[in-house]
Amino acid sequence: GQLVESGGGLVQTGGSLRLSCVASGIRFSVTAMDWYRQAPGKQREWVASIARGTTSYADSVKERFTISRDNAKNTVSLQMNSLKPEDTAVYYCRVSADRAYWGQGTQVTVSS
C-alpha cells in the first residue's frame with residue numbers, strides 16, 4: 001500500500017490550504033483515516049480523524065480544519081482555514097487497514 005499527500009505550501013496567516021492524500025494498493029478494508037503533523041523540534045501529533053463517517057479533531061484545530069473522505073477516489077482531505085503560524089509543520093496522512101500506512105508528508109508553512 002502507498003499513500004501520497006499533496007497540497008502543502010506557503011500561506012499567510014489567516015489563509016487556507018487543502019491537503020489531499022490518495023491511497024493505493026491497500027487490499028484490506030480501511031477502518032480509519034487520519035492526519036498528523038510534526039513541527040520542527042516537536043513530536044508528531046494527531047490532528048484529525050474520520051472513521052465510519054464520524055470525524056474528530058484536536059482542540060487546536062477545531063472549527064478551523066475539516067477532514068473528509070472520498071471512498072470512490074480512495075482519498076482523504078484536510079481543509080485548513082484561518083491558518084496560524086503555529087500550524088506550520090509537515091503534515092502526514094495515515095490509513096488504518098490491516099496495519100497503519102503512512103504518507104511521506106507535505107510541508108505547510110504559515111507566515112506571520
Counting only residues in region 9-64 that are closer than 16 Å to VAL108 by Cβ and of a type in the set (S, T, N, Q), the one most open to solvent (accessible area, probe 1.4 Å) is identified as GLN12
Exactly one of TYR57, TYR101, TYR91 is modelled with pLDDT of 95 or more, of a type in the set (Ser, Thr, Tyr) and touching an Asp or Glu at 6+ places or on another chain (Cβ under 8 Å), and that one is TYR91
Taking region 46-103 and keeping residues without any contact (Cβ under 8 Å) to a residue 12 or more places away in the chain, more than 22 Å from SER24 (Cα to Cα) and of a type outside the set (D, E, K, R) leaves THR54, SER56, TYR57
With criteria (1) over 14 Å from GLN2 (Cα atoms); (2) in contact with a strand residue (DSSP E or B) (Cβ under 7 Å, 6 or more places away or on another chain); (3) aliphatic (A, V, I, L, M), VAL30 comes up short on (1)
Per the list (1) under 21 Å from GLY1 (Cβ atoms); (2) assigned to a strand (DSSP E or B); (3) small (Gly, Ala, Ser), residue check on SER56 breaks on (1)
The residue that is surrounded by the most Cβ atoms within 10 Å (Cβ to Cβ), considering only those in region 70-112 that are part of a loop (DSSP other than H, G, I, E, B) and charged (D, E, K, R), is LYS84
Subset of region 29-46, residues assigned to a loop (DSSP other than H, G, I, E, B) and among the charged types (D, E, K, R), comes to LYS42, ARG44
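The values are calculated or read from the model by the stated rules, or taken from the named source; none is laboratory data. Because the structure is predicted, anything quoted here is derived from the model rather than measured. All Cβ positions, glycine included, derive from the backbone under ideal geometry; neighbour counts span all protein chains shown. With ligands, DNA and RNA removed, areas are computed over all heavy atoms of the protein, side chains included. Shrake-Rupley method; radii C 1.70, N 1.55, O 1.52, S 1.80 Å.
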